[in-house]
1. What's the ranking of 131-143, 55-67 by average number of surrounding C-beta atoms within 10 Å, highest first?
2. Arranged from highest to lowest average of other beta-carbon atoms within 10 Å per residue, in what order do the peptides 17-23, 97-103, 121-127 appear?
3. In whole Hz, with x marking every Gly and Pro, tabulate ³J(HN,Hα) for the stretch 177-188 from phi via Karplus 6.51 cos²θ - 1.76 cosθ + 1.60, θ = phi - 60°.
4. Of the listed pairs K115/K230; K157/K282; K6/K57, which have alpha-carbon separations greater than 24 Å here?
5. With the cut-off at 1.5 for a/c, could you classify the chain from its C-alpha gyration tensor as rounded, prolate or oblate?
6. So what's the net charge close to L4: Lys and Arg +1, Asp and Glu -1, counting the other residues with Cβ under 14 Å from its Cβ?
7. If you build a Gaussian network model of the chain, linking Cα atoms that sit under 10 Å apart, which residue out of L113, L88, L71 swings the most?
8. Using the count of nearby Cβ atoms within 10 Å as a rough guide to exposure, how do Y75, Y83 rank from fewest to most?
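Each value in this text was obtained by applying a stated rule to the coordinates, not by laboratory testing. If you're wondering where the values come from, they're calculated on a predicted model, not measured in any experiment. Quick reminder, even Gly has a Cβ in these numbers, built from the backbone with ideal geometry, and neighbours come from all protein chains shown.
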Amino acid sequence: MAILRKRADVQVTVWPEDRTCERDWLLSNIAGADGVIVLFTDKINAELLERAGPQLKVVSTMSVGYDHVSLGELYKRKVRLGYTPDVLTDAVADLSVMLALMAGRNGGAGITLVKDGQWPEFAPFFMCGPQLSSSSLAPTRTAGFLGFGRIAQATLKRVAAFGVTHCIYSGNPSSPPDTALEVHLAEDHRLQSVRRVDLDVLARESDVLFVLAPGGEKTYHVIDEKFLRKMRRHSVLVNTARGTLVDSDALAMALREEWIWGAGLDVVEGEPNVGAGHPLVKEPRCVIVPHIGSATWETRVDMATLAAKNLLAGLSAESMPAELDLASRV
């Protein structure tokens, strides 16, 4: 806020509460605005842009994702879009590994037992789960990635340190394979292989699968019943991208019928409307946290700072620190 308010030529109107901005308030206050900072919970569509007016120059979203933004509507109106990539990479990668470990090692169920005062007696194989690292019983461990951008590669760096031996990934079908990158990552992280595969192989060979692809129509329910039935019984699925990528009902069935071992979720389709009766909440091997992937002090301050700088650059018709090329996306 200090970055914005120190500009004498900028009049700032602020949603006054520390919670999601109400749609009616946003629609009422955006009329006549030259720029706006939003969150991923704010739908930037024709309705909002019409209400803003033709003078709107820039939308700055405090998020790395932009599936809440109608890119075609912005492009048509020549409104620029700033976003916040890179700064949340480490925070989301850290959380991705945390969820993989929690889901694999029965962390959610274990915490529930302790909180319910049911600390169990020791038994040799009680609450055992698949470990992330390779071992004498499992000399190879494969990390799979649906989406292989910055966050995925940062996550790979972390799980490689745990003893993962192989990496497979599925990327944008329109992007050519990057053999040089695969060789570099394999050498840098001392992996036996890094290779691009199709979705069928990704499902069948991943011991832990990290879902880190963009949201939107093209990836809607890409993890569905058909995909989940192909996965290994000891595999763990982690989603720290967008809830819409995973069919919640199919995942609940996969956990209940033990097609896979567990799941760690930072995002769920339909959030924040995820209550105690949700089928995934009921599954003891599903660890769910409420979309906190970027929730570190350091990351959120960096995101807010970048969002403010993007806004001011857009207002001044200058180069933004992080601008999405709309022409290449529509």
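1. 55-67, 131-143
2. Per-residue mean Cβ counts within 10 Å order the peptides as 97-103, 17-23, 121-127.
3. Karplus-based 3J(HN,Hα) across the stretch 177-188 equals x, 10, 4, 4, 5, 4, 5, 4, 5, 4, 5, 5 Hz.
4. Distance filter (> 24 Å) returns K115/K230; K157/K282.
5. prolate
6. +2
7. The residue with the greatest mean-square fluctuation here is L113.
8. By the 10 Å Cβ count, ascending: Y75, Y83.
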